[in-house]
Amino acid sequence: MDLNIRNRKALVTGADSGIGFATARALLAEGAEVVLTDKDPDTLRDAADRLSEHGDRVHGFDADVTDAEAVDRLRRSVEDAVGDLDILVHSAGIHGAGGLFHEINQEGWDHTIDVNLMGPVRITRAFLPGLRRGGWGRIVFIASEDAVQPYDDELPYCAAKAGLLSLAKGLSRTYASEGLLVNTVSPAFIATPMTDEMMTERSESLGVSFDEAIRSFLADQRPFMELGRRGRPEEVAQVVAFLCSDAASFVNGSNYRVDAGSIATI
Ligand code: NAP
């Protein structure tokens, strides 16, 4: 299917790793011009190099999404390099503070919410005026299964992701009449550095192999993921690319689950 986004201009946050990188690659394969952004300039440069086959349709500008001044610098760099954007994909995120509620301090709460919820708010505030000028736009927030199925040992993450669903739904109501469609994608247990780290910690604390940590996590913690494996970043990116496209012209305010059935409810 041709997604008809050739020459559309996209920004992907968290783009040097995992789901963000796979999304940048999927959008480039569809002919879009893509700005990758992430907080570490070195890994960002590596990621842009890995996509160099797409020539001058690839750009990279680092920014920490918790830093308002850095986000403003990013906006100016993007405007100079490509002009107004058509597509925003928010993939930057952290697992953040873990433990039961009484074990998490204020700083843990603040930082997890700042990256996962306020980061997307800052980026959206910076680039929305340009998207509105274009009269055609797509915004996709990467939320999580945790947004609607909270796990009690990662509540700051769950609360931030639930906030993204609400933010997206509200934005989808305000701007659809201008041609700007807003949706969320909620993955579960995808094979990226984020879950590599979780599974490494689990394997160390249980004294088992990495593969056994994954197997027991699926059995004990994600019993409805019937496929019995971690997802691949590309399996999320394909859905994100669809939502960024002309093909999704009647999809607005939706939350697409890419979770192998992990959410138990219908
Ligand atoms: P990932 O590979 O760790 O990618 C996340 C990226 O976000 C990293 O490159 C990270 O940079 C960047 N980032 C973190 N804090 C940032 C900040 N303050 N400013 C700018 N960039 C920042 O993890 P992923 O699994 O692809 O995660 C992508 C998104 O999917 C996240 O929003 C995550 O919550 C969501 N998600 C993932 C899963 C999963 O199973 N993997 C499931 C549900 C939802 P550094 O590496 O330099 O820290």
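The values are calculated or read from the model by the stated rules, or taken from the named source; none is laboratory data. In this text the structure is predicted, and so the values were computed from the model without any measurement. Here Cβ is always computed from backbone atoms with ideal geometry, including for glycine, and neighbour counts include all displayed protein chains. These area figures cover heavy atoms from the full protein model, side chains too; ligands, DNA and RNA do not enter into them. Shrake-Rupley method; radii C 1.70, N 1.55, O 1.52, S 1.80 Å.
Axis of helix 210-221 versus longest Cα principal axis of the chain: the two differ by about 80°, to the nearest ten degrees.
Atom-type composition of the exposed protein surface of region 115-266 places 54 percent of the accessible area on carbon and sulfur (1.4 angstrom probe).
Compute the FRET efficiency between D153 and D196 as 1/(1 + (r/R0)^6), taking r as their Cβ-Cβ distance and R0 = 22 Å, and round to the nearest 0.05.
Rounded to the nearest 0.05, the efficiency is 0.75.
For region 47-96, the alpha carbon convex hull comes to 99 Å³ per residue, rounded to a whole number.
D56 sits with roughly 130 Å² accessible to a 1.4 Å probe, with DNA, RNA and ligands left out of the calculation. Can you pull the Rg over Rh of region 1-150, Cα-only, Kirkwood? Result for region 1-150 is an Rg/Rh of 0.99.
In Å³ and rounded to a whole number, note down the convex hull volume per residue for the Cα atoms of region 76-118.
Values: hull volume 3.7 nm³, N = 43.
Expressed per residue, the convex hull around the Cα atoms of region 76-118 is 87 Å³.
Close amide H partners of L11, meaning residues 5 or more places away or on another chain with modelled amide H under 5 Å apart, are V35, I87, L88, V89.
Evaluating 6.51 cos²θ - 1.76 cosθ + 1.60 at θ = phi - 60° for every residue in region 176-189, the Karplus couplings come out as 4, 5, 8, x, 10, 9, 10, 9, 10, 10, 10, x, 9, 6 Hz, glycine and proline recorded as x.
Counting only protein chain heavy atoms and rolling a 1.4 Å probe, the accessible areas of I266, I123 rank, largest first, as I266, I123.
Residues whose amide H lies under 5 Å from that of G137, counting only those 5 or more places away or on a different chain, are L180, L181; hydrogens are built 1.01 Å from N in the peptide plane.
For region 130-194, list log₁₀ I(q)/I(0) at each q in 0.23, 0.25 Å⁻¹, using the Debye formula over Cα point scatterers of equal strength and ignoring solvent, two decimals each. The Debye formula, applied to the Cα set alone, gives -0.90, -0.98. Accessible area per residue for region 29-95 is 47 Å², calculated with a 1.4 Å probe on protein heavy atoms, without ligands, DNA or RNA. Stretching the chain fully between R229 and R173 yields a gain of 16.6 nm (0.36 nm per residue, less the alpha carbon separation). Peptides 106-113, 252-259, 181-188 ordered by packing proxy, namely the average of other Cβ atoms within 10 Å per residue, highest first: 181-188, 252-259, 106-113.
Each part reduced to its alpha carbon centroid, region 1-66 and region 75-128 end up 17 Å apart.
Using heavy atoms of the protein chains and a probe of 1.4 Å, the accessible area assigned to S177 is about 110 Å².
A crude spin-label estimate for the pair W136 and A247, with each label 7 Å from Cα along the Cβ direction, gives 1.6 nm. Each 10 Å bin, from zero up to the one with the longest distance, holds this percent of the alpha carbon pairs of the chain: 7, 31, 37, 19, 5, 0. The string of couplings for region 36-53 from the Karplus curve (6.51, -1.76, 1.60, θ = phi - 60°) is 8, 9, 7, 8, 9, x, 6, 5, 5, 4, 4, 5, 4, 4, 5, 10, 5, 4 Hz, one whole number per residue in order, with x for Gly and Pro.
Across region 73-87, coupling constants 3J(HN,Hα) worked out from phi with the 6.51/-1.76/1.60 Karplus curve, θ = phi - 60°, read 4, 4, 4, 5, 5, 5, 4, 5, 7, 10, x, 5, 8, 10, 9 Hz, and Gly and Pro carry x.
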